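So the structure is just underneath, and the comments pick up after that.
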Amino acid sequence: MPTTSANDQLFEESQQHFPGGVNSPVRAFRSVGGTPRFFARAEGPWLWDADGVRYVDTICSWGPAIVGHAHPVVLDAIQKAAAHGLSFGAPTAGESRLAARIRAALPSMEMMRLTSSGTEATMSAIRVARGFTGRSKILKFEGCYHGHVDSLLVKAGSGLLTFGSPDSAGIPAALAAETLVAPYNDLAAVQAIFDAHGQDIAAIIVEPIAGNMNLVKPAAGFLEGLRALCTAHGSVLIFDEVMTGFRVGPSGVQGLTGIRPDLTTLGKVIGGGMPMGAFGGRKDIMSVVAPLGPVYQAGTLSGNPVAVAAGMATLELVGSVGFFERLSAMTAELMQGLVAAAREAGITEFCADSVGGMFGIYFAHTIPRSFDEIQACNRTAFNRFFHLMLDRGVYLAPSAFEAGFLSIQHGGEPSERILSAARESFAVLAQEGLTQEASARGGLAN
Ligand code: HOZ
């Protein structure tokens, strides 16, 4: 008699409660197929599912778990904060300590607001930009995702791209019409849009390193060009660093590039695994926020003391000497190992890229630098690779259109596990002919 796994049972039950059985679409495994894993616990770089199977985690909760899951220092901070009360709906000293820590790392955030999620942060930043400029249009980029904000679910990445519906239903056409979209890394297209609509554009919002269509780095001069256009036209430049903040380096992409945005949005790492976001920037712009100004923004759980404690403890760990050097070197080395493993199996249609503790793997011959190139990657090969790796105890993002994330605890055994699983998986892929060169050698059709 076939036995049903705990994951299968939990999935069956969860589908009675939640659309697709999940509380965030990409988790449903619709793109890769199969049963989502329900996780029971996590520690360091490891996850254990409901059947007790252990995996190396290469998502790290989509970024936050940069010091590893359940880090004792973070747990201790959470326990101490919780013992003093879970939520006051009133100011606390910890909020200012966290803000000061963030400002020290990202000086462009002269004034900020804490929120409960990255989506709230981007939604609020857009409202502030509109309120500050008195303009209504927003410019975003194809394949970039900024949370499930109405104005920004146009040609969006992440789950929308995964499910092939980059424009969400439920958004009034009049609102969507206020969102202008340009191809990522195409400065000439942005220039043309500004030529036509410059005085109506409140803001450009951009993932300065894209992570929601897989990892795509900005082309030379792209971010500088956005900065210059915003300055010339009086538009607000918003860097959405929800993913990249305290993830690609100690000061986000703005620290790596030296480009100062007018507003920044943060999330993920600054909450250390607890719900947390932030938006902030130029003091004159942030001064439009209530009660200083007319733009309303609020939240009962904003600056929640337990989340603040988790974030502060995480940022202190991340700020230790050599943290990002070690994380970046380990991530880059792992990517080189993956590419070498693919080549050993005779597969050239595979490459990888990384920045800090964030990475991208692509079933393509060259590293994609645009949304079109991302879409041209071999999704069939990725989906098969995902399951081959899962069967070998490696939990990859269940979509070809998501970046991956490692923690500082992924060196040594976890990395070795990933590489040995990859060697076996690439060998199977080559045998099955799921990559172009393997097909040419007489494998199955692509
Ligand atoms: N939107 C997230 C990845 N880009 C996924 C969030 C989740 O499912 O937890």
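Being surrounded by fewer than 24 Cβ atoms within 10 Å (Cβ to Cβ) and either polar (S, T, N, Q) or assigned to a helix (DSSP H, G or I) (or both): is that true of A219 here?
Details: surrounded by fewer than 24 Cβ atoms within 10 Å (Cβ to Cβ): yes; either polar (S, T, N, Q) or assigned to a helix (DSSP H, G or I) (or both): no.
Spelling it out, it is not the case that A219 is surrounded by fewer than 24 Cβ atoms within 10 Å (Cβ to Cβ) and either polar (S, T, N, Q) or assigned to a helix (DSSP H, G or I) (or both).
Taking the options A376, A397, A381, name whichever one is crowded, with 20+ Cβ neighbours inside 10 Å, out of contact with any Ser or Thr (no Cβ under 6 Å at 6 or more places or on another chain) and closer than 29 Å to V181 by Cβ.
Working: A376 fails: crowded, with 20+ Cβ neighbours inside 10 Å; A381 fails: out of contact with any Ser or Thr (no Cβ under 6 Å at 6 or more places or on another chain).
The match here is A397.
Just wondering, is there one or more residues in the range 335-346 that are within 16 Å of the ligand (Cβ to nearest atom) and either crowded, with 21+ Cβ neighbours inside 10 Å or in contact (Cβ under 8 Å) with a residue 24 or more places away in the chain (or both)? Steps first, please.
Restricting attention to the range 335-346, the residues satisfying the condition of being within 16 Å of the ligand (Cβ to nearest atom) are none.
The answer is no, given that none of the residues of the range 335-346 is within 16 Å of the ligand (Cβ to nearest atom) and either crowded, with 21+ Cβ neighbours inside 10 Å or in contact (Cβ under 8 Å) with a residue 24 or more places away in the chain (or both).
In the range 206-215, is there at least one residue being within 16 Å of the ligand (Cβ to nearest atom), open to solvent by less than 10 Å² (accessible area, probe 1.4 Å) and on the phi > 0 side of the Ramachandran plot?
yes
Just give me the residues in the range 35-79 being of a type in the set (K, R), away from the ligand (no atom under 16 Å from the Cβ) and in contact (Cβ under 8 Å) with a residue 60 or more places away in the chain, in sequence order. Step through it out loud before you land on a result.
In the first step, residues of the range 35-79 are kept if they are of a type in the set (K, R); the result is 37, 41, 54.
So of that shortlist, the ones also away from the ligand (no atom under 16 Å from the Cβ) come out as 41, 54.
Within the range 35-79, R54 is the sole residue that qualifies.
Any residue in the range 18-34 that's within 19 Å of L388 (Cα to Cα): show its pairings with residues that are within 8 Å of the ligand (Cβ to nearest atom) and in a helix (DSSP H, G or I) at Cβ separation under 7 Å, as long as the two are six or more apart or on different chains.
Close Cβ pairs satisfying both conditions: V26/G159.
Yes/no matrix, rows are residues, columns are (1) under 25 Å from L263 (Cα atoms); (2) in contact (Cβ under 8 Å) with a residue 12 or more places away in the chain; (3) assigned to a strand (DSSP E or B); (4) among the hydrophobic types (A, V, I, L, M, F, W, C):
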site: L161; (1), (2), (3), (4): no, yes, no, yes
site: L175; (1), (2), (3), (4): yes, yes, no, yes
site: Q191; (1), (2), (3), (4): yes, yes, no, no
site: Q199; (1), (2), (3), (4): yes, yes, no, no
site: A202; (1), (2), (3), (4): yes, yes, yes, yes
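Give the residue that is nearest to the ligand (Cβ to nearest atom), with candidates limited to residues of the range 123-148 that are under 22 Å from A189 (Cβ atoms) and open to solvent by 10 Å² or more (accessible area, probe 1.4 Å). Let's see the steps before the verdict.
Let us first name the residues in the range 123-148 that are under 22 Å from A189 (Cβ atoms), namely 126, 129, 133, 135-146.
Narrowing further to those that are open to solvent by 10 Å² or more (accessible area, probe 1.4 Å): 133, 135-137, 142, 145.
Values: T133: 28, R135: 28, S136: 26, K137: 25, E142: 16, Y145: 6 Å.
Among residues in the range 123-148 that are under 22 Å from A189 (Cβ atoms) and open to solvent by 10 Å² or more (accessible area, probe 1.4 Å), the one nearest to the ligand (Cβ to nearest atom) is Y145.
I'd like the residue in the range 383-405 that is without any contact (Cβ under 8 Å) to a residue 60 or more places away in the chain and in contact with a Leu (Cβ under 9 Å, 6 or more places away or on another chain) and, out of all such residues, is farthest from C60 (Cα to Cα).
My answer is R384.
The values are calculated or read from the model by the stated rules, or taken from the named source; none is laboratory data. Given the structure is predicted, the values throughout are model-derived calculations rather than measurements. Positions of Cβ are backbone-derived with ideal geometry, glycine not excepted, and every protein chain shown enters the neighbour counts. The area values use the complete protein model at the heavy-atom level, side chains included, leaving out ligands, DNA and RNA. Shrake-Rupley method; radii C 1.70, N 1.55, O 1.52, S 1.80 Å.
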